[in-house]
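Working notes, beginning with the structure itself.
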Amino acid sequence: MTVAVLAGPPLDVTAAVQVPAPDDEDQILQCVQVQPVTHDVRTFVFEATGSGLGRHEPGQYLVLGLEIAGETVERCYTISSPPTRPARVAITVKREPGGLVSNWLHDHLDPGGRVVARGPYGSFSVTNHPAQRYLLLSGGSGATPMMSTLRTFFDLGQPVDVVYVHSARTPTDILFRHELEWMCSSTVTCPTLAVTHICERSAEDETWFGATGFLDSAILAETVPDISQREVFACGPPPYLEAVRKIVTALGVPPGWYHEEAFMALPAAEPAIGSWRSDAPAPAPESAPPSASGPSSSAGQTYVVKFARSQQQVECTPGTTLLAAAAQAGVTIASSCSQGMCGTCKLTQLSGEVEMNHQGGIRAKEIAAGKILPCCSVPTTDVVLDA
């Protein structure tokens, strides 16, 4: 079974679908195909309506802009298609219970529909870490960058040795299962691929006879005896990655050979809900307080951060992000990635100066209008925020 992203209806640039007004950083993508992957996961295939898609690396992501209920919302989604098929680009989306964006995509985005996108962004890619042997580890929706990577290797006939270990709840939740089976049974000699699935339990309609439970050192040591000699890429929810880090460290993987990105869903109580991704190293679980580690600030210097609407203030220590400062002051700011990618925490800076190191979650025109991302900003003076 091959990747079905090369067929679909002809591109209709006259399709009347409401999208947010694009700016110079945007491109309008038109959906040309929707493919079921599992009972709650779909792949959406797009073509560009303008001059064409920018080249992406396997593992990178797009920021999608959608008009939902009169509001413009943005979410980041990893590109699941390979860069070797440049005419089209695909994202694979799991329907999240209560998720605003994922449910909208599943319920309303059909061939002919349009979205605004910018990117690609991200550095979680094998192209940045060339090697002869790789270990790819994923949990749940973390399979998407791994499939972009494997599809790239197969399209190029890359002479690499790859072991892929994926964790899922049940066998019916395994993403790209049939395509992976095809890859493993293919007569293609390059790349060399071995795939192992680990399921927590059997499904109602399928008994699982493979590895059962959760990824652990014993399973990984048996599956990949040469793990310490492989470049390792891991992707999944924060608790999964926390466990993976401990396992690969115990099995002797050098720190510089381990790379990860986190997939997480916004809490249902927040006004903007979706399923997307973050590619920062060692992210904290979403239930933990926001990370206090951010861009550099003057050593020893503290600044007062005031929250105008909440009428709260807090003294910000060096290196503390404004999002962490808000948490310390008891001010709630909707957020998720904590790395400047999703744009969820975007707000207005009323006064003062900050140092912001974002990764595509805010536009140049928004910065010019006084918007910042507090998750990746530290104060360099006293600051007043509209929060």
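The values are calculated or read from the model by the stated rules, or taken from the named source; none is laboratory data. A quick note: this is a predicted structure, and the numbers were derived from the prediction, not measured. Because the Cβ atoms are built from the backbone with ideal geometry, glycine has one as well, and the counts that use them run over all protein chains shown. SASA here: full protein model, heavy atoms, side chains in, ligands and nucleic acids out. Shrake-Rupley method; radii C 1.70, N 1.55, O 1.52, S 1.80 Å.
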Where does each of 40-46, 156-162 land if you order them by average Cβ count within 10 Å, highest first? 40-46, 156-162
Å² per residue, accessible surface of region 35-79 at 1.4 Å: 37
For region 132-215, just the Cα atoms, rotate onto the principal axes and tell me the three extents in Å, largest first. 38, 21, 17
Non-local residues with an amide H under 5 Å from the amide H of Ser310, with H modelled 1.01 Å from N and Pro and chain starts lacking one, are Ala387
³J(HN,Hα) across region 242-257 via Karplus (A = 6.51, B = -1.76, C = 1.60, θ = phi - 60°), whole Hz, x for Gly/Pro? 4, 5, 4, 4, 5, 5, 5, 5, 5, 8, x, 6, x, x, x, 9
Within region 45-105, what whole-number % of the accessible surface is contributed by carbon and sulfur, with the 1.4 Å probe and all protein chains included in the calculation? 50
Loop trypsin sites (Lys or Arg not before Pro), region 178-247, which have at most 13 other Cβ atoms in a 10 Å radius of their Cβ (DSSP): Arg201
Counting only DSSP loop positions in region 197-231, the chymotrypsin sites (Phe, Trp or Tyr not before Pro) whose Cβ has at most 14 other Cβ atoms within 10 Å are Phe209, Phe214
At a 1.4 Å probe radius, carbon and sulfur cover how many percent of the accessible area of region 129-202? 51
Principal semi-axes in Å for region 21-120 [√(5λ), Cα gyration tensor, largest first]: 19, 17, 12
Go through region 162-227 and name the GluC sites (Glu not before Pro) that are in a DSSP coil and have 16 or fewer other Cβ atoms within 10 Å of their Cβ. Glu200, Glu204
Taking all pairs of distinct alpha-carbon atoms in region 79-169, Kirkwood radius in angstrom: 15.1
